[in-house]
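See structure below.
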Amino acid sequence: MSNKNNKIEHTHTHTQNSKESQRNELFRVIWKIANDLRGSIDGWDFKQYILGTLFYRFISENFCKYISETDDENYENIKDSEISNELKQEFIKEKGFFIYPSQLFCNVLKNTKDEEYKKHLNENLSNILKSIENSSFGTKSEEDFKGLFSDYDVNSNKLGGTIEERNKRLIQLLTAVSTLDFGDLEDNSIDLFGDAYEYLMAMYASNAGKSGGEFFTPQEVSELLARLAIGQRTTIKKVYDPACGSGGLLLKFAKILGKDNVKIGFFGQEKNPTTFNLCRINMFLHNINYSKFEIALGDTLLKPQLKDSIPFDAIVSNPPYSVQWEGDSDPLLINDPRFSPAGVLAPKSKADFAFIMHCLSYLSTDGTAAIVEFPGTLYRGGAEEKIRKYLIDNNYIDCIIQLPGNLFFGTSISTCIIVLKKSKKTNDVVFIDASKEYETNTNSNKLTQQNISNIYKYFNERKDIEFIVKVASYDEIVKKNYNLSVNNYVISEDTSEIIDIEEINKELEVTVKKIETLRAEINKIVKEIG
């Protein structure tokens, strides 16, 4: 039995190592493609073309895989004319879209060997992508596919000044992406397609500074937020991110729980149209069916789009820090049920608490929200202090975590996490100083798996630990005028050298006596010389 277990363990380890090796090779090739093909195009703009091509290949292979499960025929070799409209509608109902065999990634790439086809590649590709989008019109999946390829502009001057140059670049893109090894689609390609997406996003965000990193949350921070929001649960109905960016935070729930254990689905809203498209693409690349996600476009604070889907059992977010918003310039906002309970609106110059109140409003009775915020939200006065008072007096704040600095792309500021709950069992708040939970990674800091485990353990156990954790009572918080800065509750360890005054005094006495003896001897010598 022992030998059998050892063999299983060895096989598992070998598989993990093999997959890790495959992933690293995939990342190496992606890096090379990005550098080889980028040329004069700005990296953050060019990511749209690599990601778009990656997505085009994914949905082609994913569609073929689905059909091969229902039909033994090799779909890529079938003629378009052989597919009946009834069969097409059946596929759309299940997958949300349709691709004819001639439109598949592999066949388009094969056709680029034909000189005539090559001359019109941009036009052909544009028609194919429009056809894929249009296949969902009038169906339940229409909103999930509408405008999905709008940033994949095959006629853009960014690809080249002439049609010939653009087609040459498009062939390079298709060829390069075709060389990426995603392994056996049945086994692990979905993980690797998603990994490729996340690697590309992280790569471009780190190189693009704030312009690229402002909506990209590092994977380790995303995992910590998701774990805090999940808690001890093994299934969750609905997860939500009000400023979802490219969707990485939402998809952490699929990785941690398994996508089938997010029973109803993934919900989010994003203001930036390009990022909104990236988020939907990310959902598909992680094999989340259109029926299990709803991503809306628009300003969450002013025009929330998902009212019919509330409440949510887990909310995670890394909203933009201290951005301007309408605030009291809009007389209707103070009566908005999301903001009115606090009796005051977040300042126009800082929307942080508007996002916090929005999350609280959308949270289910037994739900948990974990939100990354700028530390100023914990101590600033005025309207923000009044909102903190409302949250504490009504027992909605469960935990405050001080994170290390330099975790996010494009900024070195230290951030914090605010954890909200509507049904707490106690009226205390856990304060965690996690500012030392990191390892240095080139020019930035990074949370390791051990760091994440440590922070979650402190959060889950709710016990005082000297220099790290303080469970503060309601009265203690009131005495500190609702200032929620972690360093107000967790005393930092004094790492300076301890000075023993008595010992120093003894040493001084000995030194003084030596000086006196030496002075007497010098005086004696001087006197003898004189």
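The values are calculated or read from the model by the stated rules, or taken from the named source; none is laboratory data. A quick note: this is a predicted structure, and the numbers were derived from the prediction, not measured. Here the Cβ positions follow ideal geometry from the backbone for every residue, glycine too, while neighbour counts run over all protein chains shown. Note: accessible area is taken over every heavy atom of the protein model, side chains too, but ligands, DNA and RNA are not part of it. Shrake-Rupley method; radii C 1.70, N 1.55, O 1.52, S 1.80 Å.
It is to be established whether one or more residues within the range 444-464 are more than 24 Å from PHE408 (Cβ to Cβ) and part of a helix (DSSP H, G or I).
So far as the range 444-464 goes, yes, one or more of its residues are more than 24 Å from PHE408 (Cβ to Cβ) and part of a helix (DSSP H, G or I).
Identify the single condition in (1) among the hydroxyl-bearing types (Ser, Thr, Tyr); (2) out of contact with any strand residue (DSSP E or B) (no Cβ under 9 Å at 6 or more places or on another chain); (3) open to solvent by less than 10 Å² (accessible area, probe 1.4 Å) that THR377 does not satisfy, given that it satisfies every other one.
That leaves (2) as the condition not met.
Taking LYS386 as meeting all but one of (1) surrounded by fewer than 21 Cβ atoms within 10 Å (Cβ to Cβ); (2) closer than 14 Å to PRO319 by Cβ, write down the number of the exception.
(2)
Got at least one residue in the range 337-349 being in contact with a Lys or Arg (Cβ under 6 Å, 6 or more places away or on another chain) and free of Cβ contacts under 8 Å to residues at least 60 places away in the same chain?
yes
Specify which of the listed residues (GLU61, GLU69, GLU76) is among the charged types (D, E, K, R), open to solvent by 50 Å² or more (accessible area, probe 1.4 Å) and at pLDDT below 80.
Sole residue among the options that is among the charged types (D, E, K, R), open to solvent by 50 Å² or more (accessible area, probe 1.4 Å) and at pLDDT below 80: GLU69.
Filter the range 420-443 down to residues that are more than 18 Å from ASP464 (Cα to Cα) and in a loop (DSSP other than H, G, I, E, B), then give me how many there are.
Residues in the range 420-443 being more than 18 Å from ASP464 (Cα to Cα) and in a loop (DSSP other than H, G, I, E, B): 6 in total.
If you go through the range 262-273 one residue at a time, do you hit one that is under 19 Å from ALA296 (Cα atoms), open to solvent by 10 Å² or more (accessible area, probe 1.4 Å), in contact (Cβ under 8 Å) with a residue 60 or more places away in the chain and aliphatic (A, V, I, L, M)?
no
Please pick out the residue among ILE417, ILE401 that is open to solvent by less than 20 Å² (accessible area, probe 1.4 Å), part of a strand (DSSP E or B), touching a Leu at 6+ places or on another chain (Cβ under 7 Å) and under 18 Å from ASP352 (Cβ atoms).
ILE417
Among THR275, THR300, which is within 30 Å of GLY381 (Cα to Cα) and of a type in the set (Ser, Thr, Tyr)?
Result: THR300 is the single residue among THR275, THR300 that is within 30 Å of GLY381 (Cα to Cα) and of a type in the set (Ser, Thr, Tyr).
Which of (1) at pLDDT 75 or above; (2) under 27 Å from SER126 (Cα atoms); (3) open to solvent by less than 30 Å² (accessible area, probe 1.4 Å); (4) not hydroxyl-bearing (Ser, Thr, Tyr) does GLU223 not meet, given it meets every other one?
Answer for GLU223: the failing condition is (2).
Determine whether LYS255 is at pLDDT 90 or above and in contact with a strand residue (DSSP E or B) (Cβ under 9 Å, 6 or more places away or on another chain).
Details: at pLDDT 90 or above: yes; in contact with a strand residue (DSSP E or B) (Cβ under 9 Å, 6 or more places away or on another chain): no.
Taking the combined requirement at face value, the residue does not satisfy it.
Within the range 141-175, restricting attention to residues that are of a type in the set (A, V, I, L, M), in contact with a Leu (Cβ under 6 Å, 6 or more places away or on another chain) and closer than 17 Å to ASP36 by Cβ, which residue is surrounded by the fewest Cβ atoms within 10 Å (Cβ to Cβ)?
LEU174
Output the residues belonging to the range 421-440 that are buried (at least 22 other Cβ atoms within 10 Å of the Cβ) and either without any contact (Cβ under 8 Å) to a residue 12 or more places away in the chain or of a type outside the set (Gly, Ala, Ser) (or both).
Once the filter is applied, which keeps residues that are buried (at least 22 other Cβ atoms within 10 Å of the Cβ) and either without any contact (Cβ under 8 Å) to a residue 12 or more places away in the chain or of a type outside the set (Gly, Ala, Ser) (or both), the range 421-440 yields VAL429, VAL430, PHE431, ILE432, ASP433, GLU437.
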